[in-house]
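Following: one structure in structure tokens, then a few remarks.
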Amino acid sequence: MIQVSRPYYSSDEIEAINNEINKCLEKGILVNGPNLKIFENLFSSYHGVEYAIGVNSGSSALELCINALEIEGSEIITTNNTCVSVANSIANAGCLPVLADIKKETLALDPEALKKKITKKTKALVLVHMEGTIQEDLDQIIEICKKYNLFVIEDACRALGSKKENKLAGTFGDLSFFSFYATKSISTGNGGMILTSNSSYSDKLKILRSHGRVKVRNHYSYDVFGKNMIMGELEAILGINQLKNLDDKINHRINVAKKYDRALANLSNIDFAIAYSKDIVNSYYRYPIIISLDKDSSRFESLFNSSKINLGHYYPMISQTKLYSSQSVSNRGNLEVSESISRHIFSLPIHNYLSSEDIKIIIDKMQDIDKKI
């Protein structure tokens, strides 16, 4: 079976990780040790941002970002076609998720849809970078947020290493967050990171991720409500060694994507799902494809499933989940574009274990199915 995604560790990485884990276990420091600080420093340096705060997941990272902004009770806008965890984190932080529609060509937030969802209660936007890319009209989105005094929280979970005009994803907003879940470009199993250039936010986040704990001389003080969301030492060790080779991992994905691009150029009913300009470097967390809306996507899926290729399914739209289908838990409104294309989006396998033979099998299968749907 050719898997749609798979965490990659080179033999050198595995050897280094094993050595560092053994040292960590011998010292007996599994939390709040030196490895987390090293990983945070490497991550902030890679992005050219002053502060990095390691946490236990991307979901925790977003919840903490909202807590640090102190905007409980407000409305926060995000896109309808992202993972439900985004809406969950907004709700868990005491805010109302407001769902905005997307552009079909980019699968990213539509600036006009954003404007329509802004109210007096709106305090922030969770800006999702879709499937490894950064949307072309990002500057327009940022300007809208400035006009209405909205905080911008970048969801860069799927765009680690992506660039727009040579500026990395995660460096455009007030705060940004990343996930190191098993399917991501680098994986620590579970884990996340927050970036900010604001020292006040950084200080708050470090307190909030550790039960609201502040060290005062020889004891701890608890003055604010916090949770246990800090990243552990073992996860940090994985992250350190994965980050060192991130650019090589991304280049492999780019080369796979180029082969897919050439194949899709000759197909009638299957296309790459995201349009973007030459000033954007896509890190290809996923390689999303869209099936022509006048074709039967279930037939496409059935034909693909008959092969030994694992096809990725797109997230269900948040508005179409049982939890968020009610207006009482999220401001839904017009979400026509995202809801109409949701069942026509799939992902082709893209990861560092894919061989040339694997890619040929996938392309041959696409070419065959394109004639049958």
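Computed from the coordinates by the stated procedures, all read-outs in this text should not be read as laboratory data. Note that this is a predicted model, so its numbers are computed, not measured. Here Cβ is always computed from backbone atoms with ideal geometry, including for glycine, and neighbour counts include all displayed protein chains.
If the segment from Val31 to Asn198 were pulled out straight at 0.36 nm per residue, it would be longer than the present Cα-Cα gap by 57.7 nm.
Across Arg158, Arg213, Arg286, mean-square fluctuation computed from a Gaussian network of the chain (C-alpha pairs under 10 Å connected) peaks at Arg213. The label point for Leu42 and the one for Asn266, both projected 7 Å from the Cα toward the Cβ, are 4.2 nm apart.
Label separation (Glu13 vs Lys215): 3.2 nm, computed from points 7 Å beyond Cα along the C-beta direction. Placing dummy labels 7 Å off each Cα toward the beta-carbon, the span from Glu105 to Ser302 is 3.5 nm.
Result for the chain in a Gaussian network model with C-alpha springs under 10 Å: among Ile274, Ile144, Ile345, the largest mean-square fluctuation is at Ile144. DSSP beta bridges confined to the chain are antiparallel in about 60 percent of cases. Computed 3J(HN,Hα) for region 111-122, one whole-Hz value per residue from the Karplus formula 6.51 cos²θ - 1.76 cosθ + 1.60 where θ = phi - 60°, is x, 5, 5, 4, 4, 5, 9, 7, 10, 5, 8, 6, glycine and proline marked x. For the chain, modelled as a GNM whose springs connect Cα atoms under 10 angstrom apart, the maximal fluctuation among Tyr220, Tyr276, Tyr287 occurs at Tyr220. Highest mean first, the peptides 127-139, 196-208, 30-42 sorted by other C-beta atoms within 10 Å per residue fall in the order 127-139, 196-208, 30-42. At an R0 of 30 angstrom, the distance between the Cβ atoms of Asn92 and Asn149 translates into a FRET efficiency of 0.80.
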